[in-house]
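I have placed the structure first, in the form of structure tokens, so that the comments after it can refer back to it.
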Amino acid sequence: MSSKQRDTIPILKIDSPALWAELGNKFEKQLVSNLAGTHRVLTPAPGEDTISEALTAAFLRGDRHDFEFAYHSVLRESKPLRQLFDLSPDVGIRWSIPDLIRVTRSSAQPVFQVIDIKATQVATLFHKAQVAFYALVLRGFMAELGAAGSVADEGEIWHLQTNKTQAEEGYLVESFRLRSYEHLVIDFFQNRVPPLLKQEVSSAKDTTFFHIYFKCEQCEYLAHCRKTIAPEIQAAKRDVSAVPGLSHESKRALERMGIKTVGELAKARGLKSGKRPLSWALRARAEQLVARADALVTEKVSRLPERFTYLMPPRVDVGFFISIDVDPVEGNLAELGLLRTQSTGDDYVIEVLPTGTRDEEAAALQKVLGKLLQGLSEIDSHNAAIPEQKIYAHIFLFEPSEATSLQEALARHLDNDAIRTGLLEMIRIFPPEDAIPEPEYRGIHHLPATALRSVLEQLYAIPTTVSYDLRQVTAALAKTDSPLVGPYVPNLQFQREFSSRLSIDVSRMLRTGNMSVAEIRDDVSRRLRATAGVARWLLAENAQAQQPFLRLNKQPFRFQNDFHPLEADDLDVLQAQELLESRAGLLSTLVELALPAEQRRERLRCFADLKLLKWGKESWKYWMLFQVPEESRQAEMSPGELSLILTDDDPNIRLNYQRWNEFAIELPAPRDNHSGATLFVVLMPNVFNGPAFQELLHKNHAWYIDKTYRDFNSPRVLDFLRFLAAKDSAT
Ligand code: SF4
């Protein structure tokens with residue numbers, strides 16, 4: 001459907017300027033203009049957006065073999081493509097316009113590769129599926145043209161370099177095999193498009209499948225979809241997507257069971273134990289989702305039974321609350337704030353960044369994190385001097401994504417001496433590994449902060465719509481019998497539907513001088529106070545609970561003693577950097593592995609629900625043969641990959657990096673099965689015969705293969721640095 005056709009449908013639409021699109025176009029134009037300076041690029045005539053179909057055909061036929069790239073060529077749908085997609089006569093595919101097609105003529109036949117340009121810092125699954133779609137269109141178009149040559153098996157996304165903005169030049173190339181993504185595209189056209197044709201859309205009736213979730217904030221049709229979850233509608237009659245945390249897939253599954261409204265879900269108490277088979281994700285979250293639906297209907301906060309958390313300690317004498325916002329367009333900090341609370345009063349430092357320059361960002365990090373470190377140092381000294389009056393300190397954020405933003409900001413300034421020294425201090429915050437289990441991942445060093453939203457999601461059903469954001473959550477907690485004091489009430493321009501972090505519009509207004517630093521500072525201080533209010537509310541609830549539910553039994557705060565940043569020399573700094581980088585890689589792997597199997601599978605990082613067909617021994621190695629369900633066949637794992645584990649999905653194994661060796665496997669090159677319906681894996685005798693693996697082998701269960709993290713370099717680098725340090729002290 002063209003945008004013109006879509007505009008004829010009388011539904012509510014917000015006509016806001018497409019800020020992302022504008023910036024994306026700028027990045028793309030700059031990149032192509034730079035490319036044209038060093039390569040032969042076929043570009044549209046002045047005033048045109050694309051090159052003509054005739055010129056595209058000439059490029060593909062080799063009539064314009066003096067050009068290496070074609071920018072914005074136009075590809076028409078073809079008979080082979082229609083057959084592949086199994087399209088009915090009433091479905092047509094519009095012109096496809098890939099950003100770049102590159103031709104390589106080093107072999108007998110030319111090879112054409114599809115490249116898309118994205119002004120983002122990562123290439124997403126959606127971007128890759130788009131390239132796969134273009135590759136399929138190109139293949140069909142070439143076949144119809146009778147053009148010699150083939151389409152490359154790999155596509156590329158050229159995107160922003162991490163930690164750089166659109167204004168900075170340079171880009172990263174991400175290559176990927178197209179096969180998995182082509183399957184997704186073909187499946188969409190063959191299986192999803194036919195039911196879509198039967199849907200009806202008008203201002204009064206919309207029978208298309210939709211699911212409102214936090215990303216809908218960016219969508220121009222939110223005003224239309226939001227009508228189904230509006231507060232004016234009785235809670236029980238609202239669309240089920242009002243329930244926070246419901247995924248698209250789970251909503252589809254619920255719809256198949258006839259559960260379409262919040263009220264119907266609230267009554268589905270036997271969902272988990274019902275006769276219908278549920279997806280893993282829905283089964284795992286059924287109880288939580290039913291309780292959340294019930295909270296919306298009754299407008300009451302309730303604690304989920306038998307739930308405890310290791311994410312937050314039960315005692316906090318001094319709380320450090322951090323707030324971080326980024327400008328998503330420039331990819332740098334928009335504000336960084338810290339609130340210190342204790343019985344003697346509160347203390348703030350809030351840095352708003354009107355320009356976002358590197359220097360401004362470095363100064364903000366130094367000032368705010370410096371204040372945090374100063375506070376922690378005081379507590380450390382106090383606890384060392386007066387052991388009988390120990391102080392318990394803890395760091396809090398509201399959103400887990402704020403911790404990621406902080407890590408990324410620090411990573412942008414590792415070349416800054418002051419920040420590096422600050423980071424070394426940060427390392428001292430991490431308690432010794434064997435003393436205290438870390439909040440989220442046992443034994444892994446990372447910022448020992450609690451994201452309060454995660455605590456609330458684990459423990460409580462709260463009547464909020466779509467998400468557990470600070471505004472909605474604090475408003476609901478303020479209405480309980482022991483109410484939270486000081487909910488977050490934003491000024492109008494700071495109010496967002498499903499999030500309380502700064503919106504892209506506000507950060508842009510800051511950068512263009514249309515919003516004052518004082519206004520943003522005011523909003524940040526409101527959020528910090530409300531976040532502290534949530535922590536206080538949880539601590540009070542825990543203190544009154546028959547069975548306390550906050551279980552992170554921290555010791556009074558002390559710095560780790562065996563590292564002294566003030567005496568750190570260059571070798572210490574290098575060791576710390578190496579360690580941090582390695583930890584960051586491990587941590588991001590653990591974050592992925594913490595996702596449910598269904599989500600890992602969808603991110604193409606897991607072969608899920610494998611069925612063991614047989615196993616045996618060949619030469620001195622063992623092998624196992626699995627049947628792979630259809631939906632698991634796209635996982636991006638290649639033969640020779642060295643960090644794969646085979647488990648029964650037990651989180652105690654997959655989230656414990658010290659046990660990964662006990663379950664390590666290898667994928668040999670496929671022998672004769674190219675469909676992916678079966679999978680052959682190889683195991684070393686020490687793994688296969690190990691007690692842990694033998695126990696797994698004798699249980700009747702589904703099998704899972706996941707990618708883990710193996711850092712081959714850091715241990716060697718660290719050993720070398722230690723060797724140098726020892727030599728240094730010996731001389
Ligand atoms: S469900 Fe969300 S993304 Fe889809 S049209 Fe509605 S608002 Fe947009």
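The values are calculated or read from the model by the stated rules, or taken from the named source; none is laboratory data. Treat the numbers as computed from the prediction; the structure is a model and nothing was measured. Don't worry about glycine lacking a Cβ; one is built from the backbone with ideal geometry, like all the others, and counts go over all protein chains shown. Accessible surface areas use protein heavy atoms only, side chains included; no ligands, DNA or RNA. Shrake-Rupley method; radii C 1.70, N 1.55, O 1.52, S 1.80 Å.
For the pair Asp481 and Glu695, the difference between a 0.36 nm per residue extended length and the Cα-Cα distance amounts to 72.1 nm. Counting charges near Leu75 (Lys, Arg +1; Asp, Glu -1) among other residues having Cβ under 15 Å from its Cβ returns a value of +1. Ranked by the mean number of other Cβ atoms within 10 Å of their residues, highest first, the peptides 639-650, 390-401 come out as 390-401, 639-650.
Take the solvent-accessible surface of the protein heavy atoms, probe 1.4 Å, and return the percent of it on the stretch 3-196 that carbon and sulfur atoms account for. Let's see the in-between values first.
On the way: 5500 of 10320 Å².
Its accessible area is 53 percent carbon and sulfur atoms.
Sort the following peptides by mean Cβ neighbour count (other Cβ atoms within 10 Å, averaged over residues), highest first: 373-386, 333-346.
Values: 373-386: 15.4, 333-346: 19.1.
Per-residue mean Cβ counts within 10 Å order the peptides as 333-346, 373-386.
Simple spin-label estimate for Gln627 and Asp346 gives 6.0 nm between the two label positions (7 Å along the Cα-to-Cβ direction from each Cα). Quick note on the stretch 247-384: its Rg to Rh ratio, both from C-alpha atoms and Rh being the Kirkwood radius, is 1.17. For the stretch 595-713, the share of alpha carbon pairs falling in successive 5 Å distance bins from zero is 2, 11, 23, 28, 22, 12, 3, 0 percent. Residues in the stretch 214-299 average 52 Å² of solvent-accessible surface per residue, probe 1.4 Å, ligands and nucleic acids excluded.
What percent does the relative contact order of the stretch 3-196 come to when contacts are Cα pairs within less than 8 Å and at least six residues apart? Provide the component values of the computation, followed by the final result.
Details: 291 pairs, mean separation 36.1, N = 194.
That works out to 19 percent.
Between Val517 and Arg303, the FRET efficiency estimated from the beta carbon spacing at R0 = 41 angstrom works out to 0.55. Positive contributions from Lys and Arg (+1) and negative ones from Asp and Glu (-1), summed over other residues with Cβ under 12 Å from the Cβ of Ala475, come out at 0.
Using only C-alpha positions, report the orientation-averaged shadow area of the convex hull of the stretch 3-196, nm², one decimal. All intermediate terms of the calculation are to be shown ahead of the outcome.
On the way: hull surface 51.2 nm².
Mean projected area of the Cα convex hull: 12.8 nm².
Could you tell me the center-to-center distance, by alpha carbons, between the stretch 475-500 and the stretch 596-660 in angstrom? Taking the Cα centre of each part, the stretch 475-500 and the stretch 596-660 sit 44 Å apart.
Restriction of the trypsin sites (Lys or Arg not before Pro) in the stretch 644-696 to DSSP coil positions whose beta-carbon has at most 12 other beta-carbons within 10 angstrom yields Arg671.
Measuring from label point to label point, each 7 Å out along Cα→Cβ, what is the Ile186 to Trp95 span in nm? In this crude spin-label approximation the distance works out to 2.9 nm. Applying 1/(1 + (r/R0)^6) with R0 = 30 Å to the Cβ-Cβ distance of Thr355 and Gln218 gives a FRET efficiency near 0.75.
When all alpha-carbon pairs of the stretch 474-552 are counted, what percent fall beyond 18 Å?
Numbers: 1592 of 3081 pairs.
Summing the P(r) of the stretch 474-552 above 18 Å gives 52 percent of all pairs.
With r as the distance between the Cβ atoms of Ala385 and Val193 and R0 = 60 Å, compute the FRET efficiency 1/(1 + (r/R0)^6) and round to 0.05. Rounded to the nearest 0.05, the efficiency is 0.25.
Below 8 Å between Cα atoms, with a sequence gap of 6+, how large is the relative contact order for the stretch 214-299 in percent?
Working: 80 pairs, mean separation 26.2, N = 86.
It rounds to 31 percent for the stretch 214-299.
Probe radius 1.4 Å, ligands and nucleic acids ignored: give me the carbon and sulfur share of the accessible area of the stretch 595-713 as a rounded percent. Heavy-atom surface of the stretch 595-713 belonging to carbon and sulfur, 1.4 Å probe: 49 percent.
Measure up Lys251/Lys707; Lys128/Lys227; Lys79/Lys118; Lys237/Lys300 against 21 Å on the Cα-Cα distance and list the ones that go over.
Details: Lys251/Lys707 28 Å; Lys128/Lys227 33 Å; Lys79/Lys118 30 Å; Lys237/Lys300 17 Å.
Those over the limit are Lys251/Lys707; Lys128/Lys227; Lys79/Lys118.
Beta bridges from DSSP with both residues in the stretch 40-155: antiparallel share about 70 percent, rounded to the nearest 5. Sorting the segments 105-115, 298-308, 461-471 by their residues' average number of neighbouring beta-carbon atoms within 10 angstrom, most packed first, yields 461-471, 105-115, 298-308.
Tell me, what % of the accessible area of the stretch 214-299 is carbon and sulfur with a 1.4 angstrom probe? Write down the numbers at each step before the final one.
Working: 2350 of 4480 Å².
With neighbouring chains kept in place, the figure for the stretch 214-299 is 52 percent.
With a simple spin-label model that places each label point 7 Å from the Cα along the Cα-to-Cβ direction, the separation between Lys29 and Arg269 comes to 6.2 nm.
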